[in-house]
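The values are calculated or read from the model by the stated rules, or taken from the named source; none is laboratory data. The model shown is predicted, which means the values in this text are computed figures rather than measured ones. For neighbour counting, all protein chains shown are included, and Cβ atoms are generated from backbone atoms with ideal geometry for every residue, glycine included.
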Amino acid sequence: MSDAIARAVFGLMFETSTEALFIIDNAHGRIVSANVRVAELLAMDVGQVVGRTLDQIAFEARDVSFDGRYEEVALRRGDDYPVFVTLTVAHIRGEDLGDYTAFTARDTTERRLLERELVAKHSALFAAHADLEGAYAQLRAAQHELENRNREIAMLAWRAAVGELVAGIAHHLNNPLGALLSTTRHLGERVNDLPLEKRAELERLMARITKVATRIESNVNAIVKASRSATGAGRPELPPELSNVFETLSNRLDDIPTKDPS
C-alpha cells in the first residue's frame, strides 16, 4: 500500500529525486513510505525510518498540521545529531488513497552553519571596527595633544629668544645711559660753581636732561624685567609708552604658525 501511495503521490520522482521524501498515514501518524534520501539524511536505513512517527524523528515539537513550508525544522539523525531542514507539507485525501500527509525535507544544515559563521564573522568584524574607531579616536586625541605641546614649546622658545634679544639691547643701552647720568651729575656740580645770573638757564636745561635720562633708565629697567618672563604667563608692570609695544609683540608671537615636526 505504501509503495502505491508513493507512486500515486510522487510518481518516479519518489525514487529519483534529490530531495528527501516521506509519507505519513494520518490514521495512526506513522511513516509508511520513505525514499533513500530520507535514509541518507537521517543516517538510517529506509526500514528504520518506516514505522516511526514524526515526533520520533524530530528534535522538537512543531505544528505541521497545515499545508505549507516550515523553515528550520530540526530532525533527529540516527546518531542523535540534529539536521535542519525546510519541510514542505501537503495533505492528500481521496477515496482511493485515504488520508495521508506527504513531506519533502530539504537539508539546510550547511546553510544554517554558514549563516551562523557569517553572523559570527560579522559580529567579530563589527567589534574590530568599534575597536579600530576607538583606537583612531585615541590617536587623534594624542595627535591634538602633541600639536598643542609643540605649539607651546615653540612659543616658549620664541619668547625666550626675544627675551634674550631685548635683554641684550637693554644691557647695551645701560652703558651709555649710565655715562649720560654720570656726565649730567658732573655738569650739575660745575653749574653750581657758576655765578647766579648764569646758573638759571643751565639749571633748567640740566633738570630737563636729568628727567629725560631718569625716564630712559626707568624704561630700560622695565624692559629688562619684562624680558625675564620668557613664558609670557603674566604681564609685567611697564610704563604706558611701552605697554602697547609689549602687547603688540606678544600678539605677534601668538600668531606665529608652528609646524608639527612629526
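So, restricting to helices (runs of 4 or more DSSP H) that lie completely within the stretch 1-66, which ones have at least 1 residues that are at pLDDT 90 or above and of a type outside the set (Gly, Ala, Ser)?
36-42, 46-49
Considering every residue within the stretch 108-121, establish whether at least one is under 30 Å from Asn26 (Cα atoms) and surrounded by 11 or more Cβ atoms within 10 Å (Cβ to Cβ). Write out each step before concluding.
Let us first name the residues in the stretch 108-121 that are under 30 Å from Asn26 (Cα atoms), namely 108-109.
From what is left, the residues that are surrounded by 11 or more Cβ atoms within 10 Å (Cβ to Cβ) are 108-109.
Within the stretch 108-121 (the criterion being under 30 Å from Asn26 (Cα atoms) and surrounded by 11 or more Cβ atoms within 10 Å (Cβ to Cβ)), the answer is yes, since at least one residue qualifies.
Kindly check whether there is at least one residue in the stretch 195-210 that is modelled with pLDDT of 70 or more and either assigned to a loop (DSSP other than H, G, I, E, B) or within 30 Å of Arg140 (Cα to Cα) (or both).
Yes, some residue in the stretch 195-210 is modelled with pLDDT of 70 or more and either assigned to a loop (DSSP other than H, G, I, E, B) or within 30 Å of Arg140 (Cα to Cα) (or both).
Out of all the residues in the stretch 59-78, which are surrounded by 14 or more Cβ atoms within 10 Å (Cβ to Cβ) and under 17 Å from Arg112 (Cα atoms)?
Listed by number, the residues that qualify are Phe59, Tyr70, Val73, Ala74, Leu75, Arg76, Arg77.
Restricting the first residue to the stretch 35-61 and requiring it to be in the same structural domain as Thr88 (by TED's automatic domain parsing), which pairs with a second residue that is acidic (Asp, Glu) meet a Cβ separation below 7 Å and a spacing of at least six or different chains?
Between residues of the stretch 35-61 that are in the same structural domain as Thr88 (by TED's automatic domain parsing) and residues that are acidic (Asp, Glu), the close pairs are Asn35/Glu15; Arg37/Glu19; Ala39/Asp45; Leu41/Asp107; Ala43/Asp79; Ala61/Asp55.
Before we move on, is Glu147 over 21 Å from Asn26 (Cβ atoms), touching a residue at least 24 places away in the same chain (Cβ under 8 Å), in contact with a Phe, Trp or Tyr (Cβ under 9 Å, 6 or more places away or on another chain) and loosely packed, with under 15 Cβ neighbours inside 10 Å?
Working: over 21 Å from Asn26 (Cβ atoms): yes; touching a residue at least 24 places away in the same chain (Cβ under 8 Å): yes; in contact with a Phe, Trp or Tyr (Cβ under 9 Å, 6 or more places away or on another chain): no; loosely packed, with under 15 Cβ neighbours inside 10 Å: yes.
Taking the combined requirement at face value, the residue does not satisfy it.
Tally the residues that are over 17 Å from Asn26 (Cβ atoms) and either out of contact with any helix residue (DSSP H, G or I) (no Cβ under 6 Å at 6 or more places or on another chain) or loosely packed, with under 12 Cβ neighbours inside 10 Å (or both), restricting the search to the stretch 79-103. Spell out the reasoning first.
Restricting attention to the stretch 79-103, the residues satisfying the condition of being over 17 Å from Asn26 (Cβ atoms) are 79-86.
Right, trim to either out of contact with any helix residue (DSSP H, G or I) (no Cβ under 6 Å at 6 or more places or on another chain) or loosely packed, with under 12 Cβ neighbours inside 10 Å (or both) and you get 79-82, 85-86.
Count: 6.
Within the stretch 170-200, count every residue that is within 16 Å of Ile223 (Cα to Cα) and in contact with a helix residue (DSSP H, G or I) (Cβ under 8 Å, 6 or more places away or on another chain).
5
Would you please name the residue that is modelled with the highest pLDDT, looking only at residues in the stretch 211-240 that are outside any helix (DSSP H, G or I) and either under 17 Å from His172 (Cβ atoms) or of a type in the set (D, E, K, R) (or both)?
Step one: of the stretch 211-240, the residues outside any helix (DSSP H, G or I) are 228-239.
Still in the running and either under 17 Å from His172 (Cβ atoms) or of a type in the set (D, E, K, R) (or both): 228, 235, 237.
Values: Arg228: 63, Arg235: 51, Glu237: 58.
The extreme case among them is Arg228.
So which residues in the stretch 192-216 are of a type in the set (Val, Ile, Thr) and either surrounded by 15 or more Cβ atoms within 10 Å (Cβ to Cβ) or at positive phi (or both), if there are any at all? Even if it seems obvious, please write down each step before you answer.
If we filter the stretch 192-216 for residues that are of a type in the set (Val, Ile, Thr), which is where we start, we get 209-210, 212, 214, 216.
Result: Ile209, Thr210, Ile216.
Looking only at residues in the stretch 152-191 that are of a type in the set (Ser, Thr, Tyr) and loosely packed, with under 15 Cβ neighbours inside 10 Å, which one is nearest to the chain's Cα centre (by Cα)? Working first, answer last.
From the stretch 152-191, those of a type in the set (Ser, Thr, Tyr) are 182-184; that's our starting set.
In the following step, the residues that additionally are loosely packed, with under 15 Cβ neighbours inside 10 Å were identified as 182-183.
Working: Ser182: 71, Thr183: 73 Å.
Checking each candidate, the answer is Ser182.
Is it the case that the stretch 91-103 has a residue that's out of contact with any Lys or Arg (no Cβ under 8 Å at 6 or more places or on another chain), in a strand (DSSP E or B), aliphatic (A, V, I, L, M) and farther than 28 Å from Val220 by Cα?
Yes: the stretch 91-103 contains one or more residues that are out of contact with any Lys or Arg (no Cβ under 8 Å at 6 or more places or on another chain), in a strand (DSSP E or B), aliphatic (A, V, I, L, M) and farther than 28 Å from Val220 by Cα.
Quickly run through the stretch 107-122 and pick out the residues that are in contact with a strand residue (DSSP E or B) (Cβ under 8 Å, 6 or more places away or on another chain) and at pLDDT 80 or above.
Narrowing the stretch 107-122 to residues in contact with a strand residue (DSSP E or B) (Cβ under 8 Å, 6 or more places away or on another chain): 107-109, 112.
Answer for the stretch 107-122, where residues must be in contact with a strand residue (DSSP E or B) (Cβ under 8 Å, 6 or more places away or on another chain) and at pLDDT 80 or above: Asp107, Thr108, Thr109.
Quick one: would you say Thr104 is under 30 Å from Val32 (Cα atoms), at pLDDT below 90 and of a type outside the set (D, E, K, R)?
Here the answer is no, as Thr104 does not meet what is asked.
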